[in-house]
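The values are calculated or read from the model by the stated rules, or taken from the named source; none is laboratory data. Fair warning: this is a prediction, and the values are worked out from it, not measured in the lab. Backbone-built Cβ (ideal geometry, glycine too); neighbour counts: all protein chains shown.
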Amino acid sequence: ISYDKNTTINRRTSQSLFIPRDVDEEILLLLLLGQTSTLNEAVLDWQPEHEGQRERSHQAAYNILALLSIFLSRKQAFHIIADSYEQALRFSFEHFQTWFNYGLSLISSGQSFRAYLILKECLRMQPKNLQVYLQLAKIIFEYIYDFPSLFETFPSTVQDGQTLYQQQYYLNQHEQ
């Protein structure tokens, strides 16, 4: 950037040079650079001695993803959020919250069947999580219309459903 006598900004244009036009583009650029950096530095070694490093790299990536999700959801760019979470899944195999947020971003971007499959995986990880059941029911009722899978997914008896509700209610009371 160079300034002339009239204080107007002359910018060099090149295909390899990106200059943000406003604050939003600059924020997005910094968040995407941070995401790329944390994903490239992620510890993928599953040896027990690398567990601490793996957790720290996952937490750093998850923090960047959370900020990116907040920013992009305000812009309604849910497909970019879903792509970001999909990239993060390679090193957060058993982290429920990453999978669940990925499923929610797929719902928001209109990819209902993929969201259904991801939420089924979330249900495998946390079979007593009521939020997963509710999201699955919503997808089945509104988009998939596969009612037999609805009966396979949910608790078979009223007592199982009541127990699930009571456990979730108990957990919510103790979190507050």
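For region 105-122, filtered to residues that are surrounded by fewer than 21 Cβ atoms within 10 Å (Cβ to Cβ) and not polar (S, T, N, Q), the residue that is nearest to residue 87 (Cα to Cα) is 114. Look at residue 118 and say whether it is aliphatic (A, V, I, L, M), part of a helix (DSSP H, G or I) and more than 16 Å from residue 138 (Cα to Cα). Criteria not met by residue 118. Of the set (1) farther than 25 Å from residue 127 by Cα; (2) touching a helix residue (DSSP H, G or I) at 6+ places or on another chain (Cβ under 7 Å), all apply to residue 53 but (2). Which of the following residues is modelled with pLDDT of 90 or more and outside any helix (DSSP H, G or I): 110, 103? Just one listed residue meets the conditions, 110.
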